[in-house]
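The values are calculated or read from the model by the stated rules, or taken from the named source; none is laboratory data. Because the structure is predicted, anything quoted here is derived from the model rather than measured. Note that we place each Cβ from the backbone using ideal geometry, even for glycine, and neighbour counts take in every protein chain shown.
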Amino acid sequence: MKRVDRPNLLVKVPATKAGLPAISQLIGEGISINVTLIFSLQRYREVMEAYLEGLDRYIASGGDASKVASVASFFVSRMDVEVDRRLSDIGSDDAASLAGTTAVANTRLAYEAFLETFRGERWQRLVAAGARIQRPLWASTSTKNPDYPDTLYVHELIAPHTVNTMPLETIDAYQDHGPSPRAFGPEEIAAAHDTIRSMAAVGVDYDDVMDVLETEGVDKFIASWNDLVSDVESQL
């Protein structure tokens with residue numbers, strides 16, 4: 001970051017347990033970051049707390065908080081892939097009715113957590129010192145199941161302050177036939193709570209789903225890094 005010295009560079013930090021201290025440390029040094037691989041609501045709350053702690057440190061050291069930026073990348077579609085598989089294994093009508101609904105619900109609850117965090121006295125104090133909000137970023141938003149709308153993780157997740165990193169085919173699909181943008185609100189968030197409760201009621205363990213997704217996500221990142229190193233070494 002310091003070598004590149006560009007204000008629009010964000011360093012990626014995985015939202016693992018080991019990554020949480022790094023978030024606070026880097027923000028505390030005035031380094032902008034993209035916190036990636038967020039799946040669970042609890043981990044997302046921990047990420048936001050680490051960001052706020054980092055801002056506190058940076059401001060206390062005399063840093064200019066207005067020059068620090070961050071996004072929190074919440075992965076969406078992979079949850080439906082994992083949960084749908086488990087729902088299919090359960091095989092009940094109640095389980096089948098939840099297919100393709102849990103990822104949107106989980107993401108809407110993440111947005112609720114975002115609204116709860118970035119308000120109140122503590123946040124206003126940081127804002128007064130120049131702090132910028134850590135935007136929720138919806139990642140992995142292409143539809144993996146061809147039976148679902150190809151803009152599912154776009155038109156269902158529109159809300160203020162959010163970022164959606166769509167692959168080109170999803171952008172093209174939305175431009176071609178996506179519905180008019182409409183932000184979700186309190187009613188949709190209330191329904192999302194019902195969906196996650198129903199998921200537990202039919203026998204899908206939320207925490208286990210999140211552990212599996214995080215482990216798989218880290219493994220994919222490691223594999224990509226090893227492929228990159230191998231390609232570079234092959235050119236030396």
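Brief remarks on what is shown
- Taking helices (runs of 4 or more DSSP H) as the structural unit, those lying wholly within the range 1-115 and holding at least 3 residues that are under 18 Å from the mean Cα position of the chain (by Cα) and modelled with pLDDT of 95 or more correspond to 19-28, 41-60, 77-90.
- Among (1) more than 22 Å from THR141 (Cβ to Cβ); (2) of a type in the set (D, E, K, R); (3) buried (at least 17 other Cβ atoms within 10 Å of the Cβ) - the single one LYS17 does not satisfy: (3)
- Scan of the range 143-162 for residues that are free of Cβ contacts under 8 Å to residues at least 24 places away in the same chain and over 15 Å from ILE189 (Cα atoms), ordered by number: PRO146, PRO149, ASP150
- Any helices (runs of 4 or more DSSP H) falling wholly within the range 152-236 and containing at least 1 residues that are surrounded by 10 or more Cβ atoms within 10 Å (Cβ to Cβ), under 19 Å from the mean Cα position of the chain (by Cα) and small (Gly, Ala, Ser): 186-201, 206-234
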